[in-house]
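**Q** Pasting a structure here, questions to come.
The values are calculated or read from the model by the stated rules, or taken from the named source; none is laboratory data. The model shown is predicted, which means the values in this text are computed figures rather than measured ones. Please note: Cβ atoms are built from the backbone with ideal geometry, for glycine as well, and neighbour counts cover all protein chains shown.
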Amino acid sequence: MLPDSVSRLFSPELRDALVALRRDLHQHPELSSEEHRTSECLRVALEAVRPASLDRVAGTGLVARIAGRDPGSPVVAIRGDIDALPIQEATGLPFASRTPNVMHACGHDVHAAWAVGAAHLLARAPAEGDVLVVLQPAEETGRGAAAVLKSGALDQARAIFGGHVDRRFAVGQVVAEAGPLAAAADVFEIELTGRGGHGARPHEGADPIVGAGALVGALQTIVSRRLDPARAAVVTVGTIRAGSAPNVIPDRALLQGTLRSVDPDTRQALHEELRRIAGGVAATYGLTARVTIDLGPPPIVNPAETAAWARTATVMLLGQHALVPLGALNMGGEDFAQYMERMPGCFLRIGAREEGGERIPAHSGRFYAAEESLFVGAAVLAETARVASNALATGA
Ligand SMILES: [Zn+2]
Ligand SMILES: [Zn+2]
C-alpha cells in the first residue's frame, strides 16, 4: 500500500500520467543504446514539466534542468536508467512486453518513470539550487554513465542520487545506508591455446579442453583459498567455447566470466590471482594463456554524509520505520558507481514488492516492480535532492 504521505504529493492527473508512462515503457522495452522510442516518450513527458533546459546526451539519454529557487546555489543531479534486457517476459502482466526476447527485467521502466515524477515534484516545489534530472541509457552494458559524464552535462553537479527497485523489500521500505551497496563488476576472458589433432592421438597435441576443465576448478580456489574469507568476492565462469567435432582436439578454448568485489584490494587480488592461475594451469597442460580483463564499474560505496541526506529525506516522507537495512551484501554491479567517482552521491534500494507478493529476483523473466514503487522512488529522490541542495547551499 502506498503511504498517504507519498500519494498526496501526486494529483490524480499526474498519477495517471506516470502510470501510463511506466506501462508504455514496459510494453515497449528497448535494449541498451537502442532506446530510441523510449527516449522520445521520455522527452515528451519531460517537456510537460517545462524544464529550464532539456538536452539529449549520450545518444539516447536526456538531461532536464529543473530550476531551483536560487540560480547561484549548487546544482545536484538525480538519475534514472532506461534500458531493458534480452530476456523473454513471463510476468503475464496486462502491459507485458510486446517485443519477443526483450523485457524490462531490471525495473528500469520504473526508474525512468520515477525520474520524470521527481522532475514534476521538483518543478512544483523547487530545491534551493537547480536539479539535473538524468535519463541514462545503457546501464546494463555498463556504458551509459560514462557516456553521460563524457557529454559534460553533469560538469556542474555537486552530488548525484539514484536508486534501484528491489522486491526483497516491500513498497514503502527504503535502504539508504552508508557503505558498500553494489560490487565492482569486471569481465575477464581467457584464451587457452594448445595444439589440435586427432581425438585418438592426444599425445601428439596439447589439449586446451582438458586445460579449460582444470582451469574452471582452479579459478574457484581464488575465493575459497586465496582471499580473506571475511571479504566478499565472486568468480564466475559464464561461457566456455571450444571444439567443433567429437573426434577432434581443437587448437583453442575460450572462457569468459565475471569478477565481483567491493573493495579495491580484493579487486586487485582477483585480477592478479586470475592471471597467475591461468598462466600456471596453462603451463601444466602445455598450453599458453592470454588473459584480458575489462574493467567494469567500480563498487558503489555510499559516503556517510550523502547517505544521511537520503535518510533525512526518507524519514521526512515516510517515517523512521521506512528505513530498512540492506542485510546481505549486494554483489550486483551498477554503473551509477561511475558518477560517484566524479562526485559524492548516494544509491538507494527502493522496496518494490506489493502486499502478498513474491521476492522475484531482477534479471528473471518473472520480475516486475510493483506500480506504487514508482511514486515512492519519485518522492524520495525529489526530497533527497532538496535536502542535499539545501545542505550544499548552506554548507551544513
Ligand atoms: Zn540489471
Ligand atoms: Zn538495474
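**Q** LEU274 - would you say it is touching a residue at least 24 places away in the same chain (Cβ under 8 Å), over 20 Å from the mean Cα position of the chain (by Cα) and over 30 Å from GLY345 (Cα atoms)?
**A** When the stated conditions are applied, LEU274 passes them.
**Q** Then there is this: Quick one: which residue in ASP294, ASP335 is charged (D, E, K, R), within 24 Å of ALA145 (Cβ to Cβ) and buried (at least 24 other Cβ atoms within 10 Å of the Cβ)?
**A** None of the others qualify; the one that does is ASP335.
**Q** In this structure, does ALA337 turn out to be among the aliphatic types (A, V, I, L, M) and within 16 Å of ligand 2 (Cβ to nearest atom)?
**A** yes
**Q** Can you tell me which residue among ALA393, ALA362, ALA328 is more than 16 Å from ligand 1 (Cβ to nearest atom), surrounded by fewer than 23 Cβ atoms within 10 Å (Cβ to Cβ) and over 28 Å from GLY72 (Cβ atoms)?
**A** One residue alone meets the criteria, ALA328.
**Q** Something else about it: Considering region 97-113 alone, what residues qualify as being out of contact with any helix residue (DSSP H, G or I) (no Cβ under 7 Å at 6 or more places or on another chain) and either of a type in the set (Gly, Ala, Ser) or over 23 Å from GLU372 (Cβ atoms) (or both)?
**A** THR99, PRO100, ASN101, VAL102, ALA105, GLY107
**Q** Could you give every pair whose Cβ atoms fall below 8 Å, whose first residue belongs to region 84-109 and is closer than 21 Å to HIS164 by Cα, and whose second residue is basic (Lys, Arg) and surrounded by 19 or more Cβ atoms within 10 Å (Cβ to Cβ), counting only separations of at least 6 or pairs across chains?
**A** ASP109/ARG22
**Q** Under 18 Å from ALA388 (Cα atoms), away from ligand 1 (no atom under 14 Å from the Cβ), outside any helix (DSSP H, G or I) and among the acidic types (Asp, Glu) - does that describe any residue in region 121-139?
**A** Looking for residues that are under 18 Å from ALA388 (Cα atoms), away from ligand 1 (no atom under 14 Å from the Cβ), outside any helix (DSSP H, G or I) and among the acidic types (Asp, Glu), one finds at least one in region 121-139, hence yes.
**Q** Only residues that are part of a strand (DSSP E or B) and either over 17 Å from the mean Cα position of the chain (by Cα) or free of Cβ contacts under 8 Å to residues at least 12 places away in the same chain (or both): list them for region 174-202, please.
**A** Across region 174-202, the qualifying residues are PHE188, GLU189, ILE190, GLU191, LEU192, THR193, ARG195, GLY197, HIS198.
**Q** Same structure again: For region 321-353, give me each residue that is in a loop (DSSP other than H, G, I, E, B) and not hydrophobic (A, V, I, L, M, F, W, C).
**A** The answer is PRO325, GLY327, ASN330, GLY332, GLY333, GLU334, ASP335, PRO344.
**Q** Being within 29 Å of GLU372 (Cα to Cα), out of contact with any Ser or Thr (no Cβ under 7 Å at 6 or more places or on another chain), buried (at least 21 other Cβ atoms within 10 Å of the Cβ) and in contact (Cβ under 8 Å) with a residue 24 or more places away in the chain is true for just one of VAL165, VAL171, VAL148. Which residue is that?
**A** Exactly one of VAL165, VAL171, VAL148 is within 29 Å of GLU372 (Cα to Cα), out of contact with any Ser or Thr (no Cβ under 7 Å at 6 or more places or on another chain), buried (at least 21 other Cβ atoms within 10 Å of the Cβ) and in contact (Cβ under 8 Å) with a residue 24 or more places away in the chain, namely VAL148.
**Q** When residues of region 204-233 are filtered for being part of a helix (DSSP H, G or I) and either in contact with a strand residue (DSSP E or B) (Cβ under 7 Å, 6 or more places away or on another chain) or farther than 13 Å from THR193 by Cα (or both), how many remain?
**A** 19
**Q** Can you find a residue in region 110-130 that is within 16 Å of ALA337 (Cα to Cα) and within 13 Å of ligand 2 (Cβ to nearest atom)?
**A** no
**Q** Quick test for you: out of ASP251, ASP263, pick the one residue that is at pLDDT 95 or above and either in contact with a Lys or Arg (Cβ under 7 Å, 6 or more places away or on another chain) or basic (Lys, Arg) (or both).
**A** None of the others qualify; the one that does is ASP251.
**Q** Name the single residue, out of those in region 59-97 being among the aliphatic types (A, V, I, L, M) and touching a Gly at 6+ places or on another chain (Cβ under 6 Å), that is farthest from ligand 1 (Cβ to nearest atom).
**A** Ranking the candidates gives VAL75 first.
**Q** Let me ask something else about it. When you look at ARG143, is it within 16 Å of ligand 2 (Cβ to nearest atom) and modelled with pLDDT under 95, yes or no?
**A** It is true that ARG143 is within 16 Å of ligand 2 (Cβ to nearest atom) and modelled with pLDDT under 95.
**Q** Now for a separate question. What pairs can you find where one residue is in region 221-243 and closer than 30 Å to ASP207 by Cα, the other is of a type in the set (A, V, I, L, M, F, W, C) and modelled with pLDDT under 95, and their Cβ atoms are less than 6 Å apart, with a gap of 6+ or different chains?
**A** As it stands, the answer is VAL234/MET331, since those pairs meet every condition given.
**Q** Moving to a separate point now. Inspect region 354-375 for any residue being away from ligand 2 (no atom under 16 Å from the Cβ), touching a Ser or Thr at 6+ places or on another chain (Cβ under 9 Å) and not charged (D, E, K, R) and give the result as yes or no.
**A** There is at least one residue in region 354-375 that is away from ligand 2 (no atom under 16 Å from the Cβ), touching a Ser or Thr at 6+ places or on another chain (Cβ under 9 Å) and not charged (D, E, K, R).
For (1) in contact with a His (Cβ under 8 Å, 6 or more places away or on another chain); (2) small (Gly, Ala, Ser), each residue gets a yes or a no:
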position: ARG225; (1), (2): no, no
position: ASP228; (1), (2): no, no
position: SER244; (1), (2): no, yes
position: ASN247; (1), (2): yes, no
position: VAL262; (1), (2): no, no
